[in-house]
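K.L.:
Please see the structure below; I have some questions.
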Amino acid sequence: MDNRKLHKRSLAVHAGTRRSQYGEMAEAMFMTQGFAYDTAEQAEARFQQAGDDEFIYARYGNPTNRMFEDRIAALEGTEDAFATTSGMAAVNGALMAVCQSGSHVVAARALFGSNLYILDVLKRFGVEVTLVDGTDLDQWRSAIRPGTTAVFFESVSNPTLEVIDIAAVAQLAHAVGAVVMVDNVFATPVFSRAVEQGADVVIYSTTKHIDGAGRALGGVICGTKQFVREVAEPYLKHSGGAISPFNSWLMLTGLATIDLRVRAMADSAAVIAKALQGHARLSQVIYPGLNDHPQHDLAMSQMGSGGTMIALEIKGGQQAAFDTLNKLELILISNNLGDAKSIVTHPTTTTHQRLSEEDRLTLGITPGLVRLSVGLEHPDDLIADLTQALE
């Protein structure tokens, strides 16, 4: 099967499939921590250089994990991938694998709280970190310099939905030899063209849209075979970042329907955002698919969609936001996203609570801001629930 001839929806079902001698239809789950060798010589040879279908220890690789890695790599358009215990393990692994004392990382300041924490950890080890307004190319241009090791950003920021120009930032980074790392969770593999646009490394929390059912944690680093196997894998396999085969198996089942799910979610998000625009209780509706979004044109050219996420700023601050969330009947309060169930989050008091008030306000995370992850419910039901809670 030539992956280059298949659409993403087909790749998400078939790419990377490995069948045992039994010819099973469903992907096999290899729940084993180790592997037996026919001879001592075979064990020696495998430890010296294991082939793509040769395995040593679950921390180093597993047939189920390899199926998932091959499938997501095919979907993303990269040569290889390494699956991790969580999205944050993927972010940490990718950055730690390329940085050392004296390295320089330039990152967008609009990041998920845990991403900011990882950057703070890097500083403790002597890595210089420069934060910029990710939407301002002049700031990227001023910060990136000869010797910059990597640039890191969320292609669509969490939770304020700023859209970063991947191609423009990549051009600046590549001019000085820096690695371009993109946290692509909000864009999803369905709408992603990050590699085509210049990303070297694409990172996902597979806990989100890839699983799609709130069942398991997972993450993945996608990139060239050289980066994945020679740079990232040595750090991850020795530091214990490999995903469980069971979780990989769940991610494989999630990928089979990701195209249908994410497109349906995005269609609903667009309908909901338009329906809530101008609501008397809302200061603003932030959605890249709306014409008034500051990076609307970029979002449409970069992803072709506004995505599955909406940010609502409720008038009256935190108490008004809490009152609204507490009145919701269908939409659930949680801190996950990308689930089949619609979820609301109050970033100020949850995902971004460790930031100072000044930093939150700089990022546009006001006390009244609510993040909405649109699920698979009918959009009319979600609009009705949001409207009754607001009113």
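The values are calculated or read from the model by the stated rules, or taken from the named source; none is laboratory data. Bear in mind the structure is a predicted one, so any value in this text is a computation, not a measurement. Don't worry about glycine lacking a Cβ; one is built from the backbone with ideal geometry, like all the others, and counts go over all protein chains shown. To get the accessible areas, we keep the full protein, side chains included, count just its heavy atoms, and leave off ligands, DNA and RNA. Shrake-Rupley method; radii C 1.70, N 1.55, O 1.52, S 1.80 Å.
K.L.:
Relative to the compact globular guide of 2.2 N^0.38 Å, what is the alpha carbon radius of gyration of the stretch 64-144, as a ratio? Walk me through the numbers on the way to the answer.
P.N.:
Working: Rg = 14.9 Å, N = 81, 2.2 N^0.38 = 11.7 Å.
Computed over Cα atoms of the stretch 64-144, the ratio equals 1.28.
K.L.:
Helix 63-76: angle to the longest alpha-carbon principal axis of the chain, degrees 0 to 90, nearest 10?
P.N.:
So the helix axis and the longest Cα principal axis differ by about 50 degrees.
K.L.:
Probe radius 1.4 Å, ligands and nucleic acids ignored: give me the carbon and sulfur share of the accessible area of the stretch 1-60 as a rounded percent.
P.N.:
Working: 2370 of 4630 Å².
It is 51 percent, rounded to a whole number.
K.L.:
How about Lys327: which lysines have a C-alpha closer than 29 Å to its C-alpha, ignoring those fewer than 8 places off in the same chain?
P.N.:
Lys208, Lys274, Lys315, Lys341
K.L.:
Here's another thing I want to ask about it. Step through the residues of the stretch 354-365 one at a time and calculate ³J(HN,Hα) from phi using the Karplus curve (6.51 cos²θ - 1.76 cosθ + 1.60, θ = phi - 60°), rounding each to whole Hz and writing x for Gly and Pro.
P.N.:
The phi angles translate into 6, 6, 5, 4, 4, 5, 4, 5, 4, 7, x, 8 Hz.
K.L.:
Based on the Cβ-Cβ distance of Ser334 and Ser20, what FRET efficiency does E = 1/(1 + (r/R0)^6) give at R0 = 25 Å, to the nearest 0.05? Could the numbers behind the result be given before it?
P.N.:
Numbers: r = 37 Å, r/R0 = 1.50.
That pair, Ser334 with Ser20, gives E of 0.10.
K.L.:
Arg263 to Phe47: extension gain in nm, 0.36 nm per residue of separation minus the Cα-Cα distance?
P.N.:
Values: separation 216, 0.36 × 216 = 77.76 nm, distance 4.34 nm.
Length gained, Arg263 through Phe47: 73.4 nm.
K.L.:
Residue by residue through the stretch 92-98, what is 3J(HN,Hα) from phi via Karplus (6.51 cos²θ - 1.76 cosθ + 1.60, θ = phi - 60°)? Round to whole Hz and write x for glycine and proline.
P.N.:
My calculation for the stretch 92-98 gives 4, x, 5, 6, 5, 5, 9 Hz in order.
K.L.:
Hey, what's the stretch 169-320 come to in accessible area per residue, 1.4 Å probe, Å²? All intermediate terms of the calculation are to be shown ahead of the outcome.
P.N.:
Numbers: 5320 Å² over 152 residues.
Accessible area per residue, the stretch 169-320: 35 Å².
K.L.:
Take the alpha carbon atoms of the stretch 153-195, find their center, do the same for the stretch 274-340, and report the distance between the two centers in whole angstrom.
P.N.:
The stretch 153-195 and the stretch 274-340 have Cα centres separated by 21 Å.
K.L.:
Output needed for the chain: three equivalent-ellipsoid semi-axes, defined as square roots of 5 times the C-alpha gyration tensor eigenvalues, in descending order, whole Å. Numbers along the way, then the final one.
P.N.:
Numbers: eigenvalues 253, 130, 66 Å².
Each semi-axis is the square root of five times an eigenvalue, giving 36, 25, 18 Å.
K.L.:
Per-residue counts of other Cβ atoms within 10 Å, averaged by peptide: what ranking do you get for 248-259, 267-278, highest first? Working shown, then result.
P.N.:
On the way: 248-259: 22.1, 267-278: 18.6.
With the highest mean Cβ count within 10 Å placed first, the list reads 248-259, 267-278.
K.L.:
Note down the nm distance, to one decimal, between modelled labels 7 Å out along Cα→Cβ at Arg145 and at Phe246.
P.N.:
Here the modelled spin labels are 5.0 nm apart.
K.L.:
Oh, and also: Okay, helix-only estimate at 222 nm for the chain: each DSSP H run of n ≥ 4 adds -39500 (n - 2.57), divide by all residues, round to 500 deg cm²/dmol; what do you get? Don't skip to the end; give the middle numbers.
P.N.:
Values: 15 runs with 148 residues, N = 391.
Value at 222 nm, helices only, nearest 500: -11000 deg cm²/dmol.
K.L.:
Apply the Karplus curve 6.51 cos²θ - 1.76 cosθ + 1.60, θ = phi - 60°, to the phi angles in the stretch 18-31 and return the couplings in whole Hz, x for Gly and Pro.
P.N.:
10, 10, 7, 5, 8, x, 4, 7, 6, 4, 7, 9, 9, 8
K.L.:
I've got another one for you. Report in % the part of the accessible area of the stretch 145-247 that belongs to carbon and sulfur, leaving out ligands and nucleic acids; probe 1.4 Å.
P.N.:
On the way: 1660 of 3050 Å².
So the carbon and sulfur contribution to the accessible surface is 55 percent.
K.L.:
Pull out a ≥ b ≥ c, the square roots of the eigenvalues of the alpha-carbon gyration tensor of the stretch 207-296, then state rounded if a/c is under 1.5, prolate if not and a/b is larger than b/c, and oblate in the remaining case.
P.N.:
Working: a/c = 2.99, a/b = 2.12, b/c = 1.41.
Note, shape of the stretch 207-296 comes out prolate.
K.L.:
Same structure, new question: Please work out the FRET efficiency for the pair Gln388 and Ala167, using the Cβ-Cβ distance as r and a Förster radius of 41 Å; give the result to the nearest 0.05. Can you show the working numbers first?
P.N.:
Working: r = 42 Å, r/R0 = 1.03.
Efficiency for this residue pair is about 0.45.
K.L.:
Shifting gears a bit: On a 0 to 90 degree scale, rounded to 10, what angle separates helix 379-390 from the longest Cα axis of the chain?
P.N.:
50
K.L.:
What length, rounded to one decimal in nm, is gained on full extension from Arg229 through to Asn3, with 0.36 nm per residue of separation minus their alpha-carbon distance?
P.N.:
On the way: separation 226, 0.36 × 226 = 81.36 nm, distance 2.09 nm.
Working it through step by step, the gained length comes to 79.3 nm.
K.L.:
Shifting gears a bit: Ratio of Rg to Rh for the stretch 245-391, alpha carbon only, Kirkwood?
P.N.:
Values: Rg = 15.6 Å, Rh = 16.0 Å.
Value, to two decimals: 0.98.
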